[in-house]
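Here is the structure we will look at, set down as structure tokens.
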Amino acid sequence: MRAMQSQIDPSPSLPVNMPIAGHVDPVPVPREVTPREDGRVDLIGLPKKQIASLFETAGLDAKAAKLRAKQVFHWLYHRGVTEFEAMTDIAKTMRPWLAERFVIGRPEIVEAQVSTDGTRKWLLRTADKHDFEMVFIPDADRGTLCVSSQVGCTLNCRFCHTGTMRLVRNLTPGEIVGQVMLARDALGEWPKSASDTRLATMAGLDDEEDESAYSSDGRLLTNIVMMGMGEPLYNFDNVRDALKLVMDGDGLALSKRRITLSTSGVVPMMERCGEEIGVNLAVSLHAVTKDVRDEIVPINRKYGIDELLQACADYPGASNARRITFEYVMLKDKNDSDEDARELVRLIRQYKLPAKVNLIPFNPWPGAPYECSSPERIKSFANIVFEAGISAPVRTPRGRDIDAACGQLKTAAEKKSRAELDRLAEEKMAALD
Ligand code: SAH
Ligand code: SF4
């Protein structure tokens with residue numbers, strides 16, 4: 001068995017100690033994934049083809065490997081099973097053979113919290129003991145899962161709590177798609193088996209009624225946003241591989257229209273994001289002048305506003321039917337004047353962008369150097385954008401009481417002084433140069 005594992009590369013896209021995001025951003029990832037001590041390979045996060053080739057390397061002939069991979073894939077992603085023993089159409093003798101060589105991973109749940117507004121936050125742990133977070137936001141007509149792409153973030157947006165963490169490492173495809181699977185586990189949303197349905201009918205429960213009850217209280221996981229911890233375009237390959245499994249009709253089968261990836265503006269990766277993943281794009285713009293954006297979203301020193309907006313104009317698949325979302329955090333006396341709002345409108349027009357603007361009231365965290373704009377200021381800003389014919393909803397903060405709102409995610413609760421935070425910002429900035 002060991003010999004088999006040394007011949008195969010369980011996941012070629014695991015993050016390693018090398019430049020990330022291709023040739024453009026040589027930001028080192030400090031820590032690689034530690035292989036499992038028991039030598040088994042986690043199947044979650046691997047495409048069907050790769051599962052088949054693992055089965056073949058382990059001794060099955062090509063035809064059997066392909067068939068087993070198809071069956072296993074269905075059980076993993078369509079039915080959400082976590083034990084090979086539950087795969088009832090696979091021969092009884094075959095199941096222990098699989099269990100000896102492979103595992104069906106899920107991130108470990110360290111803590112689960114529920115906000116007074118129904119928002120849920122999970123503190124999760126990787127197999128090699130790194131903590132990260134995932135948030136579920138139920139609404140009347142949808143349920144949105146906010147997924148993390150990295151443990152920490154190499155960037156240091158000044159208003160973002162995650163930015164005060166050192167990047168520990170990229171999450172693997174399995175750890176990214178694993179969040180969606182964990183949410184389905186927690187929400188009880190895997191399709192029922194035929195026998196469960198029969199039992200429900202015998203018990204007088206109507207399955208269709210069940211479904212509509214789910215949707216009306218917004219419990220169903222209908223949308224995914226890559227807006228948790230980390231910069232998804234600095235972990236491009238793993239995010240792409242994970243989202244492909246989420247979108248795969250034989251996998252989790254969520255439409256790309258229901259998935260949004262948010263970037264702080266990693267310009268050189270945006271075209272590939274549109275072409276290779278094809279999901280909706282959100283851009284953390286947050287400021288309309290070089291000075292202010294350089295300060296609050298420091299990646300702006302590398303890729304400026306004009307370059308960023310041009311990349312948005314060129315984003316494959318953007319149209320009036322699929323607009324790009326510009327996120328704009330409202331910071332008191334920093335980026336919230338009427339003049340800023342007018343400049344935002346001018347820029348969107350100049351680049352002819354199919355755009356909508358999300359105005360996000362700043363969510364505070366201990367030691368944050370900013371305050372949230374007043375409700376009147378936010379209203380005035382929103383009106384200017386709206387009257388120019390651009391949708392500009394003000395986001396209601398969700399889950400603030402459990403620190404689950406945008407920008408509040410941070411694990412390990414390291415308490416840092418202002419001076420330490422400034423020093424860390426300097427370090428991260430130097431890495432950008
Ligand atoms: N790294 C990616 C995605 C994660 S952040 C990005 O920056 O786009 C998700 C969104 O929350 C971003 O728009 C981010 O700018 C915003 N955000 C971060 N900190 C915030 C805070 N304290 N209050 C409100 N929004 C915040
Ligand atoms: Fe990283 Fe996004 Fe936070 Fe900026 S806003 S520090 S890019 S997670």
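The table that follows gives values for the structure above.
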{"item": "Criterion (modelled with pLDDT of 50 or more, part of a strand (DSSP E or B) and either open to solvent by less than 90 Å² (accessible area, probe 1.4 Å) or not hydrophobic (A, V, I, L, M, F, W, C) (or both)) met by exactly one of Val27, Val33", "result": "Val27"}
{"item": "Some residue of the stretch 294-311 being closer than 21 Å to Thr260 by Cα and either assigned to a loop (DSSP other than H, G, I, E, B) or polar (S, T, N, Q) (or both)", "result": "yes"}
{"item": "Residue that is nearest to ligand 2 (Cβ to nearest atom) [pool: residues in the stretch 287-304 that are open to solvent by less than 30 Å² (accessible area, probe 1.4 Å) and touching a helix residue (DSSP H, G or I) at 6+ places or on another chain (Cβ under 6 Å)]", "result": "Pro298"}
{"item": "Selection within the stretch 264-293 - assigned to a helix (DSSP H, G or I), touching a residue at least 12 places away in the same chain (Cβ under 8 Å) and away from ligand 1 (no atom under 15 Å from the Cβ)", "result": "Pro268, Glu271, Arg272, Gly274, Glu275, Glu276, Lys290"}
{"item": "Residue within the stretch 350-364 that is closer than 21 Å to Met227 by Cβ, more than 16 Å from ligand 1 (Cβ to nearest atom) and more than 22 Å from the chain's Cα centre (by Cα) present", "result": "yes"}
{"item": "Residue among Cys153, Cys160 that alone is within 12 Å of ligand 1 (Cβ to nearest atom), under 30 Å from Pro369 (Cβ atoms) and out of contact with any helix residue (DSSP H, G or I) (no Cβ under 8 Å at 6 or more places or on another chain)", "result": "Cys160"}
{"item": "Residues within the stretch 305-329 that are within 15 Å of ligand 1 (Cβ to nearest atom) and open to solvent by 50 Å² or more (accessible area, probe 1.4 Å), tallied", "result": "0"}
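A quick yes/no check of all residues on (1) without any contact (Cβ under 8 Å) to a residue 24 or more places away in the chain; (2) of a type outside the set (Ser, Thr, Tyr); (3) in a loop (DSSP other than H, G, I, E, B):
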| position | (1), (2), (3) |
| --- | --- |
| Asn358 | no, yes, no |
| Tyr370 | no, no, yes |
| Glu376 | yes, yes, no |
| Ile384 | no, yes, no |
| Ser391 | no, no, yes |
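Results for (1) among the hydroxyl-bearing types (Ser, Thr, Tyr); (2) touching a strand residue (DSSP E or B) at 6+ places or on another chain (Cβ under 6 Å); (3) away from ligand 1 (no atom under 16 Å from the Cβ); (4) part of a loop (DSSP other than H, G, I, E, B), shown as yes or no for each residue.
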residue	(1), (2), (3), (4)
Leu60	no, no, yes, yes
Thr82	yes, no, yes, yes
Ala112	no, yes, yes, no
Lys121	no, yes, no, no
Val135	no, yes, no, no
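The values are calculated or read from the model by the stated rules, or taken from the named source; none is laboratory data. What you are looking at is a predicted structure, and each value in this text was computed from that prediction instead of being measured. Quick reminder, even Gly has a Cβ in these numbers, built from the backbone with ideal geometry, and neighbours come from all protein chains shown. These area figures cover heavy atoms from the full protein model, side chains too; ligands, DNA and RNA do not enter into them. Shrake-Rupley method; radii C 1.70, N 1.55, O 1.52, S 1.80 Å.
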